[in-house]
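The values are calculated or read from the model by the stated rules, or taken from the named source; none is laboratory data. Since the model is a prediction, treat every value here as computed from it, not as a measurement. Positions of Cβ are backbone-derived with ideal geometry, glycine not excepted, and every protein chain shown enters the neighbour counts.
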Amino acid sequence: MNQYEGSYEAVSGRWAIVVSRYNREITSRLLQGATETLFEHGVSSEDVDVVWVPGAFEIPLAAQRLAGSGRYRAVICLGAVIQGQTMHDRQINRAVSLQLAQVALQTGVPVTLGVLSCYTRQQALARAGGEKGNRGSESALAALEMASLLQRLP
């Protein structure tokens, strides 16, 4: 029986990170977690491109362009959507998650979902380097693992 598994060792090549400027206090912490994790696992800062977009809704289009370029091992997507007084957050979250999955499937490039979906700002801060960890770091680890796995698969 053959088994395949990725690792956190950096695969040589370039890495892209798409970050939403909306809720920047939170997304900048996600970005810090993602970049620190990549660097800790052997990725050079020269091999990381960071692309800022206005909001979470714009992340999939930038991710599609980057993944489709053939230049990147993975695209790490970071944002924070916090519930308001309408259902707008649900519409954004659903659209973004489905579109990012489509980008990965269409391009064959790992696209990670580091877009927080929280009820409150405090919950988002807890997941952006607070008591609940850092979703940016987790997304970078997923990108490293998937890039490694795809390189190993027949």
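The number of residues in the stretch 49-71 that are in contact (Cβ under 8 Å) with a residue 40 or more places away in the chain and under 13 Å from the mean Cα position of the chain (by Cα) comes to 8.
Just to be sure before I move on: is VAL109 part of a loop (DSSP other than H, G, I, E, B), aliphatic (A, V, I, L, M) and either within 13 Å of the chain's Cα centre (by Cα) or closer than 26 Å to GLU36 by Cβ (or both) in the structure I sent?
Values: part of a loop (DSSP other than H, G, I, E, B): yes; aliphatic (A, V, I, L, M): yes; either within 13 Å of the chain's Cα centre (by Cα) or closer than 26 Å to GLU36 by Cβ (or both): yes.
The answer is yes for VAL109.
When VAL11, VAL19 are screened for being surrounded by 15 or more Cβ atoms within 10 Å (Cβ to Cβ), part of a loop (DSSP other than H, G, I, E, B) and touching a strand residue (DSSP E or B) at 6+ places or on another chain (Cβ under 7 Å), only VAL11 passes. Could you figure out which of (1) under 25 Å from THR107 (Cα atoms); (2) modelled with pLDDT under 95; (3) of a type outside the set (A, V, I, L, M) isn't true of SER69? All conditions are met except number (2).
Any residue at all in the stretch 73-82 that is touching a residue at least 60 places away in the same chain (Cβ under 8 Å), charged (D, E, K, R) and over 24 Å from THR107 (Cβ atoms)?
Looking through the stretch 73-82, none of the residues is touching a residue at least 60 places away in the same chain (Cβ under 8 Å), charged (D, E, K, R) and over 24 Å from THR107 (Cβ atoms).
In this structure, ALA104 does not qualify as among the hydrophobic types (A, V, I, L, M, F, W, C), assigned to a helix (DSSP H, G or I) and in contact with a Cys (Cβ under 6 Å, 6 or more places away or on another chain). Filtered by the rule that a residue be of a type outside the set (S, T, N, Q), surrounded by fewer than 20 Cβ atoms within 10 Å (Cβ to Cβ) and closer than 18 Å to MET146 by Cβ, the stretch 54-96 gives GLY68, GLY70, ARG71.
Please work out if GLN32 is assigned to a helix (DSSP H, G or I), at pLDDT 95 or above and among the polar types (S, T, N, Q).
Details: assigned to a helix (DSSP H, G or I): yes; at pLDDT 95 or above: yes; among the polar types (S, T, N, Q): yes.
Criteria met by GLN32.
Just name the residue that is surrounded by the fewest Cβ atoms within 10 Å (Cβ to Cβ) out of those in the stretch 28-52 that are of a type in the set (Val, Ile, Thr) and touching a Phe, Trp or Tyr at 6+ places or on another chain (Cβ under 9 Å). Lay out the reasoning, then the answer.
Within the stretch 28-52, the subset of a type in the set (Val, Ile, Thr) is 35, 37, 43, 48, 50-51.
This time we only want the ones that are touching a Phe, Trp or Tyr at 6+ places or on another chain (Cβ under 9 Å), so: 37, 43, 48.
Numbers: THR37: 21, VAL43: 22, VAL48: 18.
Filtering first and then ranking leaves VAL48.
The residues listed here are LEU61, LEU116, LEU66; of these, the one that is aliphatic (A, V, I, L, M), under 15 Å from VAL19 (Cβ atoms) and part of a strand (DSSP E or B) is LEU116.
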